[in-house]
Amino acid sequence: MVSHSGLLTVMERAARKAAPRLRRDFGEVEHLQVSRKGPADFVSLADKRCEDALVAELKNARPDWGFLLEEGGEIKGDPTKPRWIIDPLDGTTNFLHGIPHFAISIAVEEPMPNGKREITTGLIYQPITDESYWAERSRGAWLHDRRLRVSARRDLADCLIATGIPFLGHGDMAEWSRIFGAVAPSVAGIRRFGSAALDLAHVASGRYDGFWESGLQPWDVAAGLLLVREAGGFATDFRGGDQPIERRQVIAGNDAVHSKLHKIVAGALR
Ligand code: IPD
Ligand code: CA
Ligand code: CA
Ligand code: CA
């Protein structure tokens with residue numbers, strides 16, 4: 001059994017403190033104020049309350065760290081220190097429709113000696129199932145105290161693949177359709193469950209064999225990408241490069257599934 005670092009204890013405490021309010025809001029979803037950030041891009045009072053609760057708790061624990069927040073944008077901190085990348089509620093559409101599939105995602109991005117910034121710690125907490133997925137660089141990916149491994153399936157015909165479909169006004173639907181048309185006939189099944197953070201956590205845990213999506217934001221994937229890699233998987237952009245966050249494109253899976261999906265995606269983009 002492994003216990004996680006003090007930093008993860010801080011992150012998990014923040015998520016667990018914010019979660020009861022989120023669960024309460026989920027139970028009274030019809031009374032929540034909902035607004036639109038764009039066409040079909042909803043945000044509710046629950047997203048904002050949860051984000052505020054996380055920021056308050058994490059600021060208290062690490063006063064000089066900055067934030068990149070889905071709802072609140074950037075809060076600058078000491079540039080020599082790490083910053084938090086947070087999606088307070090990944091799966092808002094599910095939440096607002098009463099579907100219990102959503103999560104809090106918190107990642108730590110650290111400045112490296114080479115001047116780059118890298119994700120070194122991630123937590124994805126699912127308030128309804130009380131599941132806590134976490135990863136630390138070089139220390140593996142875990143669900144509570146159970147070590148996670150990506151799936152061992154290598155033949156796409158046996159594989160269950162997750163994806164996200166661009167919604168009204170977001171992403172490239174024509175591109176998604178071309179990729180879907182190429183992937184669907186080769187795999188056992190495709191799922192669109194509506195939380196990119198949980199999609200990646202479930203690739204890390206081997207429930208899904210692979211995942212692809214584009215148009216994702218750093219807070220959707222920062223923690224999940226670390227989970228997949230620490231679970232022995234590969235996660236790249238559509239070109240197979242190591243910039244899924246910068247290019248807003250993710251292909252993830254074990255080495256075989258990743259490379260087969262990459263080939264299909266590259267063919268569909270040509
Ligand atoms: C969304 C979810 C969804 C993905 C969208 C994201 P939100 O995040 O992760 O699965 O397909 O691209 O925007 O808005 O529910 O936090
Ligand atoms: Ca959103
Ligand atoms: Ca999100
Ligand atoms: Ca969100």
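Each reported figure results from applying straightforward, stated rules to the coordinates on display, with no laboratory input. Just so we're clear, the structure is a prediction, and the values are computed from it rather than from any experiment. Here Cβ is always computed from backbone atoms with ideal geometry, including for glycine, and neighbour counts include all displayed protein chains.
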Item to check | Modelled FRET efficiency - R0 35 Å, Glu246 with Val29, Cβ distances, 0.05 increments | outcome: 0.50
Checklist outcome for this item: Taking 155-168, 88-101 and ranking on average Cβ neighbours within 10 Å, highest first, one gets 88-101, 155-168
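Going by average Cβ neighbours within 10 Å, how do the peptides 212-219, 118-125, 236-243 rank, with the highest at the top?
So the order, starting with the most tightly packed, is 118-125, 212-219, 236-243.
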Checklist outcome for this item: Note to self: C-alpha centroids of region 220-270 and region 153-169 sit apart, in Å, by 12
Checklist outcome for this item: The exposure ranking of Val221, Val150, fewest beta-carbon neighbours within 10 Å first, is Val150, Val221
Checklist entry - How much length is gained if the chain between Glu74 and Ser259 is pulled fully straight, taking 0.36 nm per residue apart and subtracting their Cα-Cα distance, in nm to one decimal? => result 63.1 nm
Checklist entry - At what distance in nm do the modelled label points of Gln217 and Leu168 sit from each other, each positioned 7 Å from its Cα along Cα→Cβ? => result 1.8
Item to check | In Hz, Karplus ³J(HN,Hα) per residue of region 171-178 (6.51, -1.76, 1.60; θ = phi - 60°; x = Gly, Pro) | outcome: x, 10, 5, 5, 5, 4, 5, 5
Next on the checklist: Given a Förster distance of 25 Å, report the FRET efficiency between Asn114 and Arg139 from their Cβ-Cβ distance, rounded to the nearest 0.05.
Outcome noted: 0.75
Checklist entry - How high is the relative contact order of the chain, in percent, counting Cα pairs under 8 Å that sit 6 or more residues apart? => result 16
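When the convex hull of the C-alpha atoms of region 135-270 is computed, what volume per residue in Å³ does it have?
96
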Checklist entry - When Lys and Arg each count +1 and Asp and Glu each count -1, what net charge do the other residues less than 10 Å away from Gly171, Cβ to Cβ, add up to? => result -2
Item to check | Förster radius 22 Å - calculated FRET efficiency between Arg13 and His97 (Cβ-Cβ, nearest 0.05) | outcome: 0.15
Checklist outcome for this item: Note, region 136-143: 3J(HN,Hα) by Karplus (6.51, -1.76, 1.60, θ = phi - 60°), whole Hz, Gly/Pro = x, goes 10, 4, 6, 10, x, 10, 9, 10
Item to check | Lys pairs, region 25-121 - Cα-Cα below 23 angstrom, 8 or more residues apart or on other chains | outcome: 8
Checklist entry - At 4 °C and 1.567 mPa s, what whole-number value in µm²/s does Stokes-Einstein give for the translational diffusion of region 1-137, with Rh from the Kirkwood sum over Cα pairs? => result 84
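Sort Val257, Val34, Val43, Val108 by Cβ crowding within 10 Å, fewest neighbours at the top.
Val34, Val43, Val108, Val257
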Checklist entry - Hey, got the dipole for the chain? About the Cα centre, +1 on K and R Cβ, -1 on D and E Cβ, debye to the nearest 20? => result 400
Item to check | Radius of gyration and Dmax over the Cα atoms of the chain, both given in Å | outcome: 17.7, 51
Checklist entry - What's the long-distance tail for region 57-199, i.e. % of Cα pairs beyond 19 Å? => result 65
